[in-house]
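Written out below as structure tokens is the structure these notes cover.
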Amino acid sequence: MAIKKILIVDDSKTELMFMTDLLGKNGFAVKTAENAEDAFRRLAEEKPDLILMDVVMPGQNGFQLTRAITRDPLYSDVPIIMCTSKNQETDRVWGMRQGAKDYITKPVDVDDLMAKIRALD
């Protein structure tokens, strides 16, 4: 499955703008959400090919949201890459245990992110 549509879930407007611009320049169609509620609304509107998920957000955090999405039969086939400033190995392991396919830390290395996206293709 070629990845064309990406949903970015992050509560930082700066991060959303940076990532939207970066991914747009690389040929992806990007939608954004600032919290779990937004994310589910976006998922219902149009199913993405990939979700980039922040961890630290108000309300439901990225770990909880990843678990909820990967356990929902409608969206369980959508890969999630955790994209967060939480850089401890325990965070990475926990993210993967919640259903994430990969884990990348901020500030995002563009080449690393593109390689991780291509690896899912």
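Laid out as a table, the results:
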item: Segment 7-45-segment 89-119 distance, computed between alpha-carbon centres (Å); result: 16
item: Relative contact order (percent, whole number), the chain, Cα cutoff 8 Å, 6+ residue spacing; result: 23
item: Charge context of Ile6, other residues only, Cβ under 9 angstrom, K/R +1, D/E -1; result: +2
item: Candidate values [x] 8.4; [y] 6.5; [z] 9.6, label of the one derived for mean projected area of the Cα convex hull in nm²; result: [y]
item: Candidate aspartates and glutamates - alpha carbon under 20 Å from Lys25, same-chain residues fewer than 8 apart omitted; result: Asp10, Glu15, Asp49, Asp109, Asp111, Asp112, Asp121
item: FRET efficiency, 1/(1 + (r/R0)^6) with R0 22 Å, evaluated for Met114 and Ala44 via beta carbons; result: 0.20
item: Environment charge at Trp94 (Cβ cut-off 12 Å; Lys +1, Arg +1, Asp -1, Glu -1); result: +2
item: Given 12 as the ceiling on other Cβ atoms within 10 Å, longest exposed-site-free region of the chain for trypsin sites (Lys or Arg not before Pro) in DSSP loops; result: 5-70
item: Set Lys4/Lys101; Lys47/Lys86; Lys31/Lys106; Lys47/Lys106 screened for pairs whose C-alpha atoms are more than 21 Å apart; result: Lys47/Lys86; Lys47/Lys106
item: Label-zone membership for segment 60-89, site Thr14, 7 angstrom Cα→C-beta point, backbone N under 17 Å; result: 84-86
item: Net charge contributed by nearby residues that have their C-beta within less than 9 Å of Asp54 (K/R +1, D/E -1); result: -2
item: Qualifying GluC sites (Glu not before Pro) in segment 40-119, DSSP loop, other Cβ atoms within 10 Å at most 14; result: Glu46
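Throughout, read-outs are computed from the coordinates displayed, never taken from laboratory work. Computed from a predicted structure; not experimentally measured. With ideal geometry, Cβ positions are generated from the backbone for all residues, glycine too; neighbour counts draw on all protein chains shown.
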